[in-house]
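Bear in mind that the values in this text are calculations on the coordinates, not laboratory data. Predicted model, so just to flag it, every value in this text is computed and none were measured. Using ideal geometry, Cβ is built from the backbone for each residue, glycine included, and neighbour counts are taken over all protein chains shown.
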Amino acid sequence: MNWAVIMAGGSGTRFWPESRKHRAKQFLNLFGRKTLLEQSFNRIKKVIPSSRILVFTALDKAASTAKQLHIPRSQVIGEPVGRNTAPCAAWAASLILRKDPSAVMGIFPADHFIKDETTFAKVLRVAYEQADQEGMPVTLGIKPDQPHTGYGYLEMASKNVTVRGTPVFFLKCFHEKPQLARAQAYFRSRKFLWNAGIFIWRADCLLETTRRELPAVFKTVVKIAAGGISAAVVKKLFSKVPSISIDYGLMEKLAGGILTIPVAMGWSDVGSWSTLKDVLPIDENKNLSIGNNLLVESSGNVVKGSGRLIATVGLRDHVVVDTGDAVLVCPISETESIRKIVNELKIKNMHRFL
């Protein structure tokens, strides 16, 4: 059967001051009436029954996550410490295999935006079929619409097959986030896709690859998944496994043995305040205004309030966010550096703002 695993353990510091320790990015309502996590869950359950969707998140958020998604607490796995995506994926595979030895599992970020959910569902069904039939992991690659330097890239090799009009390629290799000149070359070649971090893989193959490539992770997660140990022991064991991504720890070890499906579905990783302009309506002056705002002779801004009037005049290409207890002001070009504020707050022991 097909299963899904949603990874909801990130902190999302680039969305400070809205994103805090108690309310990470995936729990924010940045657009629409639902949180990013709710939108991800609802999107996936159109393909996978909700009873076969597991959610991994921080242990202290597990109960509230189950309540928000209206699923049993047993479907939400609380990680005692964050250890990136490879240990999480292996833990999930171990749990699922105990229930379904023939399982094919999809691994999904909790905090992305996808506009065209019909295309997403169509391609996802093909990915599950191919992962099952070929015994190889399948990753969804986003067709780039610009030479972006903020994403990792997937380099396509030859076409493997076309399924119901959807082409499936072999993946040649992964590439790190490039400098602009290289990103432009990637874009021109049409052989490169953005890495969306969405993987579909047979659970037994994933776990076997973990056993071979990350033996310490394998040994630990299999023991945890077997159950019968206390929460304190789980924390002690999981704290000792290496923190490594599924890309580095597993996927990049399988060069030539991975499939990829190029897809255009209005995807965004919603990585920072500036990316909201890509998914929400902007005015004639290219401002994104959320809340009670008055923007005079201002352009290219992202302004989000919490009730109080925010007024600007002559402001160009800035982010202004008011959460009531904190206000962020920074150039749009510096939104990737907002995490520096979080670091300074820690250094200055201003924990009530974290």
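Tabulated values for the structure
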item: Inter-centroid distance (Cα atoms) of region 236-257 relative to region 29-45, Å; result: 28 Å
item: Region 266-278 - phi-based ³J(HN,Hα) in whole Hz, Karplus 6.51/-1.76/1.60, Gly and Pro as x; result: x, 8, 8, 7, 6, x, 7, 4, 5, 6, 4, 5, 7
item: Sequence of 295, 237, 193 once ranked by neighbouring C-beta atoms within 10 Å, starting from the fewest; result: 237, 295, 193
item: 15 Å Cα-Cα reach of residue 159 towards aspartates and glutamates, excluding residues that sit fewer than 8 places from it in its own chain; result: 134
item: Nonlocal Lys pairs with alpha-carbon distance under 23 Å, region 274-353 (8 or more apart, or different chains); result: 6
item: Estimated 222 nm signal from helices in the chain, with DSSP H stretches of n ≥ 4 weighted -39500 (n - 2.57), rounded to 500; result: -8500 deg cm²/dmol
item: Two-site label geometry, residue 177 and residue 159: point separation in nm, points 7 Å out along Cα→Cβ; result: 3.4 nm
item: Under the span-like rule (Cα at least 24 Å along the axis, Kyte-Doolittle mean at least -1.0), DSSP H helices of the chain; result: 117-134
item: Positive-end extreme of charge dipole, region 274-353 - chosen from 298, 345, 285 (charges on Cβ); result: 345
item: Distance in nm between pseudo-label sites at residue 337 and residue 31 (7 Å out along the Cβ direction from Cα); result: 2.7 nm
item: Beta bridge orientation in the chain: antiparallel %, DSSP, nearest 5; result: 50 percent
item: Cα centre as origin, Lys/Arg/Asp/Glu Cβ charges: the chain dipole, Debye; result: 840 debye
item: Fewest-first sequence of 176, 79, 213 by Cβ atoms within 10 Å of each Cβ; result: 176, 213, 79
item: Dipole moment magnitude, nearest 20 debye, region 274-353 about Cα centre, only Lys, Arg, Asp, Glu C-beta charged; result: 380 debye
item: Whole-Hz ³J(HN,Hα) from phi, Karplus 6.51 cos²θ - 1.76 cosθ + 1.60, for region 325-336, glycine and proline x; result: 9, 8, 10, 9, 9, 7, x, 4, 5, 10, 5, 5
item: Region 274-353: C-alpha pair distances exceeding 23 Å, %; result: 23 percent
item: FRET E, pair residue 170, residue 190, Förster distance 25 Å, beta-carbon r, rounded to 0.05; result: 0.95
item: Projected label distance in nm at residue 125 and residue 297, using a 7 Å step from Cα toward the beta-carbon; result: 5.7 nm
item: Shape of the chain, Cα gyration tensor, a/c cut at 1.5; result: oblate
item: Fraction of antiparallel bridges per DSSP, region 274-353 only, in percent to nearest 5; result: 30 percent
item: Sites residue 148 and residue 351 - FRET efficiency at Förster radius 45 Å, r taken between beta-carbons, to 0.05; result: 0.80
item: Packing rank of 301-313, 125-137, where each peptide gets the mean count of other beta carbons within 10 Å, highest leading; result: 125-137, 301-313
item: Theoretical gain in end-to-end length, residue 308 to residue 240 [0.36 nm per residue, Cα-Cα removed]; result: 19.8 nm
